[in-house]
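Chemist: One structure follows; several queries about it will come next.
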Amino acid sequence: MPQSLLTQDDIIMLKRSDVICKRLTLLAVSGITCSALLLAGCDDSSTTAVEDVAKTETDLSIFEGCYTVSNDEPAQIKVSQQAGKWVMQMKEPASAKRVWDTAEPLEVLDNSEIPNFFSIDPDNVDAVIGRPDRVLVMAHVKPVYANIDPLLDSEYLSYIYKGANTIYRVECDEVNTDILANPHASIIIDNVGPSNESL
């Protein structure tokens, strides 16, 4: 259309449509930019930073307290915080002049080490601590998992020397217990020879 044939209303309409097109273009560019930023925010490289923060924020206070291998026994292991560090102590025998032995340091273990000590999926464990020599390793099982696994009757697992088992959190006490005493020492077992009886 030649300029001379356009009326005043036609010129206003053209200007309005030009303004609307510019605004729609701006809106489209903004939408694409926001989408790109959103997708960049979902990049997998950021999950590593989140995992690192989670590792440093593990709440070890869930381990603070005393433990035993059976609910009906007195405390045998004590986990506490001393001078800002986590430590464990074992009960001394009745002949000792103290109840708890010298505190041994504990350190946080990575969940990837769990299969070395326990037959449980690492995703079902909140935290793992252990002595540097790995003579003792303790794991706290997530309560939700402990409630549905019929093989677990406690939220705590322990690996002591070369064996893993559930352990029980009990009240701390100041009574000596000889953990290493052999409860079967007075039992005499006769050697059994080959049987002459027929099956």
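Chemist: Normalised by the number of residues in the stretch 76-171, what is the relative contact order in percent for Cα pairs under 8 Å and 6+ residues apart? All intermediate terms of the calculation are to be shown ahead of the outcome.
Modeler: Working: 158 pairs, mean separation 15.5, N = 96.
This gives 16 percent for the stretch 76-171.
Chemist: Same structure, new question: In a shell of Cβ-Cβ distance under 13 Å around Trp100, excluding Trp100 itself, what net charge do Lys and Arg (+1) and Asp and Glu (-1) give?
Modeler: Details: positive: Lys78, Lys91, Lys97, Arg98; negative: Glu92, Asp101, Glu104, Asp173, Glu174.
Its environment carries a net charge of -1.
Chemist: Same structure again: Using a simple spin-label model with points 7 Å from Cα along the Cα→Cβ vector, what separation in nm is obtained for Gln8 and Arg134?
Modeler: 9.1 nm
Chemist: ³J(HN,Hα) across the stretch 148-156 via Karplus (A = 6.51, B = -1.76, C = 1.60, θ = phi - 60°), whole Hz, x for Gly/Pro?
Modeler: Per residue, the Karplus-derived 3J(HN,Hα) values read 9, 8, x, 7, 10, 10, 8, 7, 10 Hz.
Chemist: Can you list residues whose amide H is under 5 Å from Cys172's amide H, if they're 5+ apart or on another chain and H is modeled 1.01 Å from N?
Modeler: Cys66
Chemist: Using 0.36 nm per residue, how much length does the chain from Glu64 to Ala164 gain when fully extended, once their Cα-Cα distance is taken away? Mind dumping the intermediate values first?
Modeler: Details: separation 100, 0.36 × 100 = 36.00 nm, distance 1.96 nm.
Net length gain for the segment: 34.0 nm.
Chemist: Please say if the stretch 126-167 is rounded, prolate or oblate, where rounded means a/c under 1.5 for a ≥ b ≥ c the square roots of the C-alpha gyration tensor eigenvalues, and otherwise the choice is prolate for a/b larger than b/c and oblate otherwise?
Modeler: Details: a/c = 4.22, a/b = 1.86, b/c = 2.27.
Taking the square roots of the gyration eigenvalues as a ≥ b ≥ c, the stretch 126-167 is oblate.
Chemist: Right, another one. On the full set of protein chains, 1.4 Å probe, figure out the accessible area of Cys172 and give it in Å² to the nearest 10.
Modeler: Rounded to the nearest 10, the figure is 70 Å².
Chemist: Another question about this same structure. Over the stretch 58-166, give the accessible area per residue in Å² for a 1.4 Å probe, as an integer. All intermediate terms of the calculation are to be shown ahead of the outcome.
Modeler: Numbers: 5720 Å² over 109 residues.
Heavy-atom accessible area per residue stands at 52 Å².
Chemist: Would you mind getting me the FRET efficiency between Asp123 and Asp153? Use the beta-carbon distance for r and R0 = 25 Å, nearest 0.05.
Modeler: Details: r = 21 Å, r/R0 = 0.82.
Working from the Cβ atoms, E equals 0.75.
Chemist: Further question: Can you compute the equivalent ellipsoid semi-axes for the stretch 50-156, i.e. the square root of 5 times each eigenvalue of the Cα gyration tensor, sorted largest first and rounded to whole Å?
Modeler: On the way: eigenvalues 124, 66, 27 Å².
Working from the Cα gyration tensor, I get semi-axes of 25, 18, 12 Å.
The values are calculated or read from the model by the stated rules, or taken from the named source; none is laboratory data. Computed from a predicted model, the values in this text were never measured in an experiment. Cβ sites come from the backbone with ideal geometry, for glycine too, and all protein chains shown count toward neighbours. Please note that ligands, DNA and RNA were not included when accessible areas were found on the heavy atoms of the full protein model with its side chains. Shrake-Rupley method; radii C 1.70, N 1.55, O 1.52, S 1.80 Å.
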